[in-house]
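K.L.:
Pasting a structure here, questions to come.
The values are calculated or read from the model by the stated rules, or taken from the named source; none is laboratory data. Values in this document were obtained by computation on a predicted structure and should not be read as measured data. When we count neighbours, we look across all protein chains shown, and the Cβ atoms used for this are built from the backbone with ideal geometry, even at glycine. These area figures cover heavy atoms from the full protein model, side chains too; ligands, DNA and RNA do not enter into them. Shrake-Rupley method; radii C 1.70, N 1.55, O 1.52, S 1.80 Å.
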Amino acid sequence: MDRILIRGGRPLSGEIPIGGAKNAALPLMAAGLLTAERLVLTNVPQLADIATMRALVAQHGVAVEPRGNDGRTLAIGGAITNTEAPYDIVRKMRASVLVLGPLLTRVGEARVSLPGGCAIGTRPIDLHLKGLEQMGAAIRLDGGYVHASAPQGLHGADIVLAMPSVGATENLLMAATLADGQTVIANAAREPEISDLADCLAAMGARIEGIGTDRLTVEGVGRLHGATHAIIPDRIETGTYACAAAITGGSLHLRHARLDHLGAVVRVLAEAGVEVTEQDDGVTVRRLNGLHGTDAMTEPYPGFPTDMQAQLMALMSVAEGAAMITETIFENRFMHVPELNRLGARVNVHGASAIVRGVAALSGAPVMATDLRASVSLVLAGLAARGETLVNRVYHLDRGYEAVEQKLAACGAAIERLPG
Ligand code: EPZ
């Protein structure tokens, strides 16, 4: 297993290109199952999770064709010949459940392995299933699989989500595009990735109102046609590299980043003493003076994103004063705490909150990555720590960050990958 070695203490400066959003690309690739024609996606990030979704979508029978020569354009669509999403794929990536809605609404059946839990929580899919049942699907759980069928097709429904689940909103939105009649999804998640999906579905001929709000109204249509859609830049990659600039006392220009997608991240970083400004097709991030401890609570968009919680904790571990970070979305998303503490951080977890007492400096050590965002928080801490930090199990990192060591090294970081 590869490891990443970092020699910390070097302020970063320069430019980092921000890639396409992983959490937009994954549902968009599932949307390719909705059309017999070709959905052409551009700005597709080159990540392990994208490769997994490519394999999953392709094994349903539709074409998944690379276009151009940059590996960032995919044409997806065609006839569905297999309606099973197998356990060996789904267990690797929970987002696999996003094929459930498209399969069901396109061909009237789906057999999708239950994803099982993951490091950060149980992550059930009950809201997905309840919504699909309201739309007329018969759902049976058997042998670790969801057996879903709608031989007469799905029909519209008035759905109120018990919580603004990103995945449930995406699955139900895709299912509604080809359902018979009108579907309303109330208390829908409002993440930019959902608006990106909705914009793409509309370009494919779907009839959606309320895009960007917590109430989506969809008039089902008979079929969706092909389209070409550019995936939005990754706001979590943007926030992550913003923290890299801040934690090293440097200044970075994040090309292609969209300030309007960063939500509460801008406010929290500003309170911590980090300036994020829109500039030349991207954002520029620089630390003004010292870092100040700042409280944050993760919330659905536009609140502070749970996917930025571990990165903020790394930053707060070297701030002046204390910070209280509360995780309200997942029940077990503090696995990075003992690893940060190995680097000299002073973090105490009390239930859903972590108290971070800033220290003057971290000191490098071998650490273990446990999940995608926890692993990148260890890289951030390593960039600031004195001495060498060796991050193990970086396959977690490769799921969501493209060429992370190259992007950081190009801005002055002493970072290299040690092949495992
Ligand atoms: C998406 O996961 C993201 N993944 C996650 O990013 C992100 O952390 C999460 O949204 C929250 O923003 C993708 O987009 C591929 P949820 P998702 O459904 O859809 C509970 C990353 O690092 N819930 O909004 O699974 C659930 O247990 C990943 O890129 C139910 O109880 O998130 C969780 O506590 C990690 N029942 C909360 O809701 C359900 O049916 C939020 O889950 C569905 C969810």
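K.L.:
Of the residues in the stretch 368-395, how many are within 18 Å of ALA21 (Cα to Cα) and open to solvent by 30 Å² or more (accessible area, probe 1.4 Å)?
P.N.:
Here the count works out to 0.
K.L.:
If VAL90 satisfies every condition in (1) free of Cβ contacts under 8 Å to residues at least 24 places away in the same chain; (2) in contact with a Pro (Cβ under 6 Å, 6 or more places away or on another chain) but one, which is the exception?
P.N.:
All conditions pass for VAL90, except number (1).
K.L.:
Suppose we filter the stretch 62-98 for residues that are away from the ligand (no atom under 16 Å from the Cβ) and either in a strand (DSSP E or B) or open to solvent by less than 20 Å² (accessible area, probe 1.4 Å) (or both); how many remain? Steps first, answer last, please.
P.N.:
Filtering the stretch 62-98 for residues away from the ligand (no atom under 16 Å from the Cβ) gives 62-84, 86-88.
Narrowing the set further to residues that are either in a strand (DSSP E or B) or open to solvent by less than 20 Å² (accessible area, probe 1.4 Å) (or both) leaves 62-67, 73-78, 83-84.
Matching residues across the stretch 62-98 total 14.
K.L.:
Another question about this same structure. For the stretch 246-259, what are the residues that are assigned to a strand (DSSP E or B) and either of a type in the set (A, V, I, L, M, F, W, C) or crowded, with 23+ Cβ neighbours inside 10 Å (or both)?
P.N.:
Going through the stretch 246-259, the residues assigned to a strand (DSSP E or B) turn out to be 251-255.
Listed by number, the residues that qualify are LEU252, LEU254.
K.L.:
Follow-up. For GLY14, all conditions in the list (1) in a loop (DSSP other than H, G, I, E, B); (2) open to solvent by 10 Å² or more (accessible area, probe 1.4 Å) hold save one; what is the number of the exception?
P.N.:
(1)
K.L.:
Turning to a different aspect of this structure: Quick one: which residue in ILE247, ILE232 is under 25 Å from ASN332 (Cβ atoms) and either out of contact with any strand residue (DSSP E or B) (no Cβ under 6 Å at 6 or more places or on another chain) or at pLDDT 95 or above (or both)?
P.N.:
On the way: ILE232 fails: under 25 Å from ASN332 (Cβ atoms).
Sole residue among the options that is under 25 Å from ASN332 (Cβ atoms) and either out of contact with any strand residue (DSSP E or B) (no Cβ under 6 Å at 6 or more places or on another chain) or at pLDDT 95 or above (or both): ILE247.
K.L.:
If you go through the stretch 35-52 one residue at a time, do you hit one that is crowded, with 16+ Cβ neighbours inside 10 Å and in contact with a Cys (Cβ under 9 Å, 6 or more places away or on another chain)?
P.N.:
Looking through the stretch 35-52, at least one residue is crowded, with 16+ Cβ neighbours inside 10 Å and in contact with a Cys (Cβ under 9 Å, 6 or more places away or on another chain).
K.L.:
Pick from the stretch 179-216 the residues that are among the basic types (Lys, Arg) and within 17 Å of ALA157 (Cβ to Cβ): which of them is farthest from the chain's Cα centre (by Cα)?
P.N.:
Taking the stretch 179-216 and keeping what is among the basic types (Lys, Arg), we get 190, 207, 215.
If we keep only those that are within 17 Å of ALA157 (Cβ to Cβ) too, we end up with 207, 215.
Numbers: ARG207: 26, ARG215: 22 Å.
The selected residue is ARG207.
K.L.:
Which ones in the stretch 115-158 are under 28 Å from the mean Cα position of the chain (by Cα), on the phi < 0 side of the Ramachandran plot, open to solvent by 60 Å² or more (accessible area, probe 1.4 Å) and not aliphatic (A, V, I, L, M)?
P.N.:
Result: THR122, PRO124, ASP126, LYS130, GLU133, GLN134, ASP158.
K.L.:
Any idea which of (1) free of Cβ contacts under 8 Å to residues at least 60 places away in the same chain; (2) out of contact with any helix residue (DSSP H, G or I) (no Cβ under 7 Å at 6 or more places or on another chain); (3) more than 11 Å from the ligand (Cβ to nearest atom) is the one THR328 doesn't satisfy?
P.N.:
Unmet condition: (3).
K.L.:
Something else: Mind checking which residues of the stretch 164-187 are aliphatic (A, V, I, L, M) and under 20 Å from VAL99 (Cβ atoms)? Break it down into steps so the answer makes sense when it comes.
P.N.:
Initially, the stretch 164-187 is screened for residues aliphatic (A, V, I, L, M), giving 166, 168, 172-176, 178-179, 184-186.
VAL166, ALA168, LEU172, LEU173, MET174, ALA175, ALA176, LEU178, ALA179, ILE185, listed by residue number.
K.L.:
Of all residues in the stretch 136-161, count the ones that are closer than 23 Å to VAL90 by Cβ, among the aliphatic types (A, V, I, L, M) and out of contact with any Pro (no Cβ under 9 Å at 6 or more places or on another chain).
P.N.:
If we filter the stretch 136-161 for residues that are closer than 23 Å to VAL90 by Cβ, which is where we start, we get 137-150, 154, 161.
After this cut, where a residue has to be among the aliphatic types (A, V, I, L, M) as well, the list is 137-139, 141, 146, 148, 150, 154, 161.
Still in the list and also out of contact with any Pro (no Cβ under 9 Å at 6 or more places or on another chain): 137, 139, 141, 146, 148, 150, 154, 161.
Residues meeting the conditions: 8.
K.L.:
Something else about it: Given ALA381, ALA270, which one is free of Cβ contacts under 8 Å to residues at least 12 places away in the same chain and closer than 16 Å to GLY239 by Cβ?
P.N.:
Working: ALA381 fails: free of Cβ contacts under 8 Å to residues at least 12 places away in the same chain.
Result of the check over ALA381, ALA270: ALA270.
K.L.:
Follow-up question, since we're still on this one. Out of the strands (runs of 3 or more DSSP E) lying entirely within the stretch 134-245, which hold 2 or more residues that are aliphatic (A, V, I, L, M) and more than 16 Å from the ligand (Cβ to nearest atom)?
P.N.:
Numbers: elements: 138-142, 145-149, 158-160, 182-186, 207-209, 215-219, 227-230.
Fully inside the stretch 134-245 and qualifying: 227-230.
K.L.:
Sticking with this one: Restricted to the stretch 386-420, and to residues that are assigned to a loop (DSSP other than H, G, I, E, B) and within 16 Å of ALA245 (Cβ to Cβ), which residue is nearest to the ligand (Cβ to nearest atom)?
P.N.:
Residues of the stretch 386-420 assigned to a loop (DSSP other than H, G, I, E, B): 387, 393-394, 399-403, 410-413, 419-420.
Next, from what is left, pick out any that are within 16 Å of ALA245 (Cβ to Cβ): 401, 410-413.
Details: TYR401: 10, ALA410: 24, CYS411: 23, GLY412: 27, ALA413: 22 Å.
Looking at the filtered set, the residue picked out is TYR401.
K.L.:
For the list (1) under 27 Å from GLU388 (Cβ atoms); (2) away from the ligand (no atom under 16 Å from the Cβ), I need the number of the one condition that LEU34 fails.
P.N.:
Result: LEU34 fails condition (1) only.
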